[in-house]
Amino acid sequence: MNTPAHTPAHRPADSPVEGPAHAPVIRLQDVSRTYTDGPPALDGVSLTVRAGEAVAVLGPSGSGKSTLLSLIAGLDRPDTGTVTVDGVRVDRLGEAGAARYRRTKVGMVFQFFHLLDDLSVADNIALPAQLAGTARQEARRRAAELMENLGIARHARAHPTRLSGGERQRVAVARALMNRPALLLADEPTGALDSASGEDVQTLLRALNADGQTLVVVTHDVALARACTRRTLHLVDGRIASDTATPAVAGAVR
Ligand code: ADP
């Protein structure tokens, strides 16, 4: 995994990267979602995220960030509009199709890791491949490769409770990458970490994106957005209030 040594050509947020290598990974068209009571949680959202982009979703509590993530992850369905991810019409999937979609197309990282404490680190990481029907040996090989790349190989046999928060989040990222997802979704991935571990996870996410991983990060943390994304969406009252280039961190190589 290499972080680029120089700054790539700057791209204004309103001129998305084009070309076959930058096909849309996420496309939302006029998506709305209203829960039983109250105003729409999402209100006519249209959005395209292309392969290789890193996008932060910011906004106050209640602005619709989790709802947006749930729709992209196939955990919920819109009332109106379409959600397409890597060519799959996610809004049309039934339960089994949505489960398969989540196993194969998206990797998810959560604030509180959601690791299985009864399993070793290696088994946690390999689990999504086993659920997807990958042969055990191939799953182990891929898990070993990810642990090596993410610097957690020495913890392979440990259980997650023995690890620090930052290490647990590395395990969760490895698990999310297990099935080579088109899209990595992270929901407040540094929210439960001290600042040093948080920076470590920021660096990891930035490096994964530099290697081509499409990334969407939902966060309250402007520093996280600045450290590992290039495009920032601000949600307000279920609408995209702005869609701009993420301001660079002063002095940082991006
Ligand atoms: P955020 O993640 O930005 O805090 P959410 O997507 O969680 O925002 O919430 C958007 C709006 O939808 C809020 O008004 C919230 O109260 C409402 N909401 C979210 N989930 C549910 C739910 N399961 N049932 C009812 N209302 C919900």
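Read-outs throughout are calculated quantities, based only on the coordinates presented, and are distinct from any laboratory measurement. Because the structure is predicted, anything quoted here is derived from the model rather than measured. Every residue, glycine among them, receives a Cβ derived from its backbone with ideal geometry; neighbour counts consider all protein chains shown.
Here the mean projected area of the convex hull built on the C-alpha positions of the chain is 13.8 nm². Working note: 222 nm ellipticity from helices only, DSSP H runs with n ≥ 4, each -39,500 (n - 2.57), summed and divided by the residues of the chain, gives -9500 deg cm²/dmol to the nearest 500. Relative contact order for segment 177-253: 26 percent, from Cα pairs under 8 Å spaced at least 6 residues apart, divided by residue count.
For segment 174-233 versus segment 93-136, the spacing of their alpha-carbon centroids is 18 Å.
Just checking the listed ones, 87, 62, 133: in the Gaussian network model of the chain with Cα springs under 10 Å, the one fluctuating most is 133. Listing 79, 221 from fewest to most neighbouring C-beta atoms within 10 Å gives 79, 221. How much of the DSSP beta bridge set in the chain is antiparallel, as a percent to the nearest 5? Here the antiparallel bridges make up roughly 55 percent for the chain.
All alpha carbon pair distances within segment 78-135 were sorted into 5 Å bins beginning at 0; the resulting P(r) in whole percents reads 4, 15, 21, 21, 17, 12, 7, 3, 0. The GNM of the chain, with springs linking C-alpha atoms under 10 angstrom apart, assigns the highest mean-square fluctuation among 214, 134, 84 to 134. Between 238, 166, 97, the Gaussian network model of the chain with springs among Cα atoms under 10 angstrom shows the greatest mean-square fluctuation at 97. The relative contact order of segment 80-174, computed from alpha carbon pairs under 8 Å that lie at least 6 residues apart in sequence, is 31 percent.
When all C-alpha to C-alpha distances in segment 123-254 are sorted into bins of 5 Å, what percent of pairs does each bin hold, rounded to whole numbers? In whole percents, the pair-distance histogram is 2, 10, 19, 21, 19, 14, 8, 6, 2, 0. Applying a DSSP loop filter and a limit of 13 other Cβ atoms within 10 Å to the trypsin sites (Lys or Arg not before Pro) in segment 149-238 leaves 157. Restricting to segment 158-254, what percent of DSSP beta bridges are antiparallel, rounded to 5? Counting DSSP beta bridges with both partners in segment 158-254, the antiparallel share is about 55 percent.
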